Amino acid sequence: MIKIAVVIPYFQKQGGILRRALESILAQEISPNIKVEIIIVDDGSPVPAKLEIEGLNFFAPFHLNLITQANGGVAMARNTALKAIDVTTKYIAFLDSDDTWHKDHLRKGIESLEQSTDFYFCDNRRQGYHDSHFKKHPLIASYTTKSSRDIDIIDITNEELCTTILREFSTQASTVVYRRSIYPELLFDPDFILAGEDIIFFLQLATKAQNTKFSTNIMVDCGTGINLYFGSLGWDNPAHISQVITNMKAHDTIKTQIPLSKENMRWVNTHIKALKHNIAFLTLRQFFKTKGKIPEEIKKLAHDDKTFYHWFPISIIQVIIGKSLGIYKPD
């Protein structure tokens, strides 16, 4: 038997969302020698997971493990699930509670991993954002040109995987299936709530993966339930400035803790500089909108970041000059 664990962090305010995710798991077309342990961590959800699973039949080879805990965020919920995984488990997959899998997702992932692969992912679509994640991002799309058009499973190098995750692959947890043995003790960093925990985790995995395959087929439909990352986008969103700050801190962590190529290190440094400019822009924007009030998030950043008064004034000046010259365009 090949055992795979499916990690589902759950916090939703609308009924039926988790149920659709679970139905997509139960509809997976897999071989008889696969055992699927579905680990749901109810992270203090307003709509309890127990209500969502009523009437669902978790027949063999599917087994349900429902864990309930006080709300601690998606990283802590995923960590609870990861810690609950049995040592005999060979592979781990992620599924966010508002996402659904196509019926061949696990089969294609496991078949790829059984061919001496450590890390597998696939294309996805998200309503209102993209019909194909790969078509939206030129880097991933460029890898598909390496193979014949009739091949839908493509090999990439470890360096290409790191580059992809770093630049184009954040928040795509539901597409990933990986070999547990390459990094069995790895957990998500709970300090990153609004951004960054996924990219740090998957980059850490990428440093251990020897072989990677991805499917060019769309195997995941990303839903519209509660999503802290996408729910914090937009200049007028109260959480957006915190999200950009968290993103900057996450890339500082990547820079200091994860071995990167020189090219990727240069990209990270450039990205951090751009995030600092965005923080300066959002601060100025809120300062003028509130008639002189400094955002509380900036006050906290100034207190926590010892380098704040070195880069922040310079970023403010560069944003003002850049905006006036039309060369700075905030994200």
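The values are calculated or read from the model by the stated rules, or taken from the named source; none is laboratory data. Predicted model only: the values in this text are computed from it and were never measured. As a convention, Cβ positions derive from the backbone with ideal geometry for all residues, glycine included, and neighbour counts pool all protein chains shown. Note: accessible area is taken over every heavy atom of the protein model, side chains too, but ligands, DNA and RNA are not part of it. Shrake-Rupley method; radii C 1.70, N 1.55, O 1.52, S 1.80 Å.
Considering only residues that are out of contact with any strand residue (DSSP E or B) (no Cβ under 7 Å at 6 or more places or on another chain) and of a type in the set (G, A, S), look in the range 173-205 and name the one that is most open to solvent (accessible area, probe 1.4 Å). Talk me through it step by step, then tell me what you get.
If we filter the range 173-205 for residues that are out of contact with any strand residue (DSSP E or B) (no Cβ under 7 Å at 6 or more places or on another chain), which is where we start, we get 181-204.
Still in the list and also of a type in the set (G, A, S): 181, 195-196.
Details: S181: 84, A195: 5, G196: 14 Å².
So, considering only residues that are out of contact with any strand residue (DSSP E or B) (no Cβ under 7 Å at 6 or more places or on another chain) and of a type in the set (G, A, S), the one most open to solvent (accessible area, probe 1.4 Å) is S181.
Taken together, the residues in the range 237-254 that are more than 18 Å from the chain's Cα centre (by Cα) and either of a type outside the set (A, V, I, L, M, F, W, C) or open to solvent by 50 Å² or more (accessible area, probe 1.4 Å) (or both) amount to 2. Could you say whether any residue in the range 7-16 is under 14 Å from V177 (Cα atoms) and open to solvent by less than 40 Å² (accessible area, probe 1.4 Å)? Within the range 7-16 (the criterion being under 14 Å from V177 (Cα atoms) and open to solvent by less than 40 Å² (accessible area, probe 1.4 Å)), the answer is yes, since at least one residue qualifies.
Taken over the range 56-69, the criterion of being open to solvent by 30 Å² or more (accessible area, probe 1.4 Å) and either at pLDDT 95 or above or touching a helix residue (DSSP H, G or I) at 6+ places or on another chain (Cβ under 9 Å) (or both) is satisfied by L56, N57, F58, F59, H63, L64, N65, L66, I67, T68, Q69.
Within the option set D86, D43, being in contact (Cβ under 8 Å) with a residue 40 or more places away in the chain and either on the phi > 0 side of the Ramachandran plot or of a type outside the set (S, T, N, Q) (or both) holds for one residue only, D86. Does K90 count as open to solvent by 40 Å² or more (accessible area, probe 1.4 Å), closer than 20 Å to Q204 by Cα and of a type in the set (K, R)? So K90 fits the description; yes. The numbered conditions (1) part of a helix (DSSP H, G or I); (2) within 16 Å of V36 (Cα to Cα) are all true for T80 except (2).
Being surrounded by fewer than 12 Cβ atoms within 10 Å (Cβ to Cβ) and assigned to a helix (DSSP H, G or I) holds for only one residue in H303, H271, and it is H303. Of all the listed residues (K276, K289), the sole one being out of contact with any His (no Cβ under 9 Å at 6 or more places or on another chain) and open to solvent by less than 60 Å² (accessible area, probe 1.4 Å) is K276.
Quick one: which residue in S232, S170 is touching a helix residue (DSSP H, G or I) at 6+ places or on another chain (Cβ under 6 Å), closer than 29 Å to V47 by Cβ, open to solvent by 30 Å² or more (accessible area, probe 1.4 Å) and modelled with pLDDT under 85? First the steps, then the outcome.
Values: S232 fails: open to solvent by 30 Å² or more (accessible area, probe 1.4 Å).
Residue meeting the stated conditions: S170.
Across the range 103-126, the number of residues qualifying as surrounded by fewer than 20 Cβ atoms within 10 Å (Cβ to Cβ) and part of a loop (DSSP other than H, G, I, E, B) comes to 5.
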